[in-house]
1. When the chain is modelled as a GNM with alpha-carbon springs shorter than 10 Å, which of 163, 112, 31 fluctuates the most?
2. Exposed loop sites here are GluC sites (Glu not before Pro) in DSSP loop states with at most 12 other C-beta atoms within 10 Å. What is the longest stretch of the chain lacking them?
3. Counting helices only, and only those DSSP H runs with n ≥ 4, report the 222 nm mean residue ellipticity of the chain as the sum of -39,500 (n - 2.57) divided by its residues, in deg cm²/dmol to the nearest 500.
4. I want the antiparallel fraction of DSSP beta bridges within the chain, as a percent rounded to 5.
5. Between rounded, prolate and oblate, where does the chain land on the alpha carbon gyration tensor, with a ≥ b ≥ c its root eigenvalues, rounded for a/c under 1.5, else prolate if a/b exceeds b/c?
6. What's the extension gain from residue 114 to residue 33 if we count 0.36 nm per residue and subtract their Cα-Cα distance?
7. Cα centroid distance between the stretch 180-226 and the stretch 52-86, in Å?
8. Give the cross-link partners of residue 15 among the aspartates and glutamates, using a straight C-alpha distance below 17 Å as the criterion and excluding same-chain residues fewer than 8 apart.
Amino acid sequence: MKPDVKVKIGELELKNPLMTASGTCGYGDELGTYFDVSMLGAVVSKSLTLKPKIGNEPPRVAEVACGMLNSIGLANIGVSRFIDEKIPRLDELGALVVANIAAKRVEDYVSLAEILAANKSVRGLELNLSCPNVKEGGIEFGTDVKTLSSIVKLVRKVFPRTLIVKLTPNVTRIGDFAKAAETEGADGVTVANTYVGMAIDINSMMPKIHTVTGGLSGPAVKPLTMARVFQVSKSVSIPIVASGGIFTWQDVVEYMIAGAAAVEIGTALFTKPDVPSGLLNGIEAYAAGRKLEKLSDLTGSLRFERDNVPHMDRH
């Protein structure tokens, strides 16, 4: 019998735990060229702002060992064009849409949430309070517990559907931020956004990206994020969405065992845009091999005793 791979985050039911990470596939409709987008648990849009943003000056992306640095600067078409142009296309593709939003002011988060709440195709909201690429907003919001609490509380009042808070890993006690989000009504937390990093061109002796530092993502961050997912799982009872270095189905399973209910795929989409299809097949086969009725039984199943460990089927 095929295992049940559905996941619930608040009132939102995902058909499986695979989501896109904000900013790694545009608005999601671009992926339709490579695979059936409706097979995803959810498509998470790139960060939306009230007005269109051009973003940072190039170079904005640099490849590094086991990952990439980016400093896009939240370039996007703005929330109005997203609703008018992208939502209809995503509806055609059968995608379940979660909109990621970012702002420089608390009141702008509320305005964005109100606008998106009026569109029933937007099934969930992900608050980007943690982007390390923007000089104003972003990092300041995400590294202050009181400010995070205030934004979540205000957005919760105007957005009635599933609300997810994306946390920055660039703090000392990430569990405190997750708990604050839960206390103010968040239905889930994403762990985590990118890590502050830097790379230098030794020939020009200049930074490889224009803003000097940027966000590090890819396989290099997976062990770091794994530890944070585990830490957060001890602090909250709401679902955790893991995001960081997922390239294989084994990565998905590992994150779930550490405490995640779902995952976001990001950097892998740059190298192999159709990777979600293989990931889903892999986790379904793993669950069937373990004779799990529900994939969600993996969440938080980390063992600490090595005696009598069940046989691990290979797929």
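1. Judging by the Gaussian network model, the answer is 31.
2. It runs 137-292.
3. After summing the helix terms and dividing by residue count, I get -8000 deg cm²/dmol.
4. 40 percent
5. It is rounded, given that a/c, with a ≥ b ≥ c, falls under 1.5.
6. Full-extension gain reported as 26.0 nm.
7. Each part's Cα centre sits 14 Å from the other's.
8. Cα-Cα hits under 17 Å: 4, 36, 91, 264, 284, 293, 297.
Only the coordinates and a few stated rules stand behind these numbers; no lab work does. These numbers come from a predicted model, not from an experiment. Reconstructed Cβ throughout: ideal geometry from the backbone, glycine too, with neighbour counts over all protein chains shown.
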